[in-house]
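Contents: one structure, followed by commentary.
The values are calculated or read from the model by the stated rules, or taken from the named source; none is laboratory data. Treat the numbers as computed from the prediction; the structure is a model and nothing was measured. Counting neighbours? That spans all protein chains shown, and the Cβs are built from the backbone with ideal geometry, glycine included.
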């Protein structure tokens with residue numbers, strides 16, 4: 001009190017600070033002090049909460065006050081997986097924390113539609129994984145060719161390497177196979193056993209007689225056997241009746257191959273390479289039409305007998321045997337054929353493996369499928385012509401043919417498309433024995449005698465013109 005300068009102190013007990021006021025007072029002045037109170041919030045601690053995806057991608061970052069809860073983001077999505085929650089509790093936060101998404105891998109079902117085949121159970125597997133394919137179904141009259149994603153074009157194959165990423169139905173592909181039908185060979189022979197026609201006839205069907213043959217000084221009177229309702233291999237021989245005295249002139253039938261009755265077929269010496277001695281076979285008579293053919297291919301080591309004494313002229317020839325003969329013609333003998341490999345998994349015999357590998361490498365054979373050669377399958381006339389045609393192409397021989405020739409043959413429409421050029425080429429070069437004038441008989445089976453004759457003709461007419 002009183003006049004003069006006064007100092008007044010105000011103590012803040014919350015934080016121990018002191019306020020100092022300087023005032024001047026006259027004797028008649030009253031001094032009023034006002035207390036200024038400011039609310040000061042206590043210090044607050046915060047923490048960082050991060051929500052992470054499976055690959056540590058940050059889905060959300062939040063600053064959370066101590067003791068409060070974080071807020072989870074929208075459930076994340078991961079292809080092939082189902083979101084099942086978070087790996088940590090994010091309530092009552094008291095420290096920095098990373099919360100990570102948890103997932104369960106999806107499972108998918110592969111369903112097998114056998115398209116009329118035997119039933120196949122479905123398989124369950126995890127996302128983006130492969131499966132072991134089940135045992136292939138079976139369907140009578142068909143061969144199973146694999147599983148495919150689509151059942152119309154069968155363009156996309158489903159294999160044990162295909163990744164499953166969703167529920168899927170796969171479809172069986174089938175290839176029809178011909179029902180096994182027993183067939184028999186019917187040969188029409190002239191008086192001297194020249195083959196006028198060779199036909200492969202299904203059991204119970206009839207053979208068709210060739211054009212009547214002709215013979216100087218004789219009249220053809222028919223055939224010596226009935227050739228209807230065929231139930232076994234059959235040789236039918238022409239019957240003749242003499243009309244004039246035999247003058248000793250040559251007699252030939254109208255079929256092929258033909259020869260003079262009094263002059264055996266011979267091969268010019270200059271066309272025959274150095275050969276091994278021919279000792280003959282008990283089942284190849286010297287007057288048989290194929291005698292010179294068998295002698296030629298045996299001397300040149302293209303063919304071997306089925307034993308030391310037998311050639312087996314009537315035994316049908318298989319694909320493995322035929323390709324082996326081609327390799328012998330190329331290399332001289334089996335020992336000279338180079339070792340090789342092929343993609344075929346059905347080659348069970350060592351004696352033809354290198355020959356098949358050589359033929360495949362040089363595109364002489366393509367196999368009956370990508371993995372099958374079918375070595376034991378009996379060769380047909382069109383298959384034999386095709387293999388020899390491709391060999392000629394490989395050797396860069398003349399493979400020209402006349403397409404208009406096809407109009408001559410009444411059965412040309414039965415020749416497989418792949419073999420049409422080869423058959424016309426073989427006909428042009430007179431390589432196919434036993435053809436009638438207007439038929440090619442593309443599905444006729446080939447025996448060893450016919451094959452030997454074709455190889456000899458090829459050697460004379462194409463390889464050594």
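General observations
- In the range 57-71, the qualifying residues are those that are out of contact with any strand residue (DSSP E or B) (no Cβ under 6 Å at 6 or more places or on another chain) and touching a residue at least 24 places away in the same chain (Cβ under 8 Å), and the one that is nearest to residue 91 (Cα to Cα) is 69.
- Residue within the range 400-419 that is at negative phi, modelled with pLDDT of 85 or more and buried (at least 23 other Cβ atoms within 10 Å of the Cβ) present: no
Residue by residue, here is whether (1) surrounded by 13 or more Cβ atoms within 10 Å (Cβ to Cβ); (2) under 23 Å from residue 371 (Cα atoms); (3) modelled with pLDDT of 95 or more holds:
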position: 114; (1), (2), (3): yes, yes, no
position: 139; (1), (2), (3): yes, yes, no
position: 180; (1), (2), (3): no, yes, no
position: 199; (1), (2), (3): yes, no, no
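- Flag if residue 389 is in contact (Cβ under 8 Å) with a residue 24 or more places away in the chain and part of a loop (DSSP other than H, G, I, E, B): no
- Lone qualifier among 49, 74, 110, 44 - being outside any loop (DSSP other than H, G, I, E, B) and more than 30 Å from residue 145 (Cα to Cα): 49
- Among the conditions (1) surrounded by 14 or more Cβ atoms within 10 Å (Cβ to Cβ); (2) part of a loop (DSSP other than H, G, I, E, B), residue 348 misses just one, which is (1).
- Residue in the range 429-447 that is in a helix (DSSP H, G or I), under 19 Å from residue 195 (Cα atoms) and in contact with a helix residue (DSSP H, G or I) (Cβ under 7 Å, 6 or more places away or on another chain) present: no
- Search result, residues across the range 321-344 that are in a loop (DSSP other than H, G, I, E, B) and out of contact with any helix residue (DSSP H, G or I) (no Cβ under 7 Å at 6 or more places or on another chain): 332, 333, 343
- Residue list for the range 75-94, filter: out of contact with any strand residue (DSSP E or B) (no Cβ under 9 Å at 6 or more places or on another chain) and at negative phi: 79, 91
- Taken together, 82, 101 contain a single residue that is within 27 Å of residue 53 (Cα to Cα), in contact (Cβ under 8 Å) with a residue 40 or more places away in the chain and either in a strand (DSSP E or B) or over 27 Å from the mean Cα position of the chain (by Cα) (or both), which is 101.
- Positions within the range 356-386 being under 21 Å from the mean Cα position of the chain (by Cα) and part of a helix (DSSP H, G or I), in sequence order: 356, 357, 358, 359, 360, 361, 383, 386
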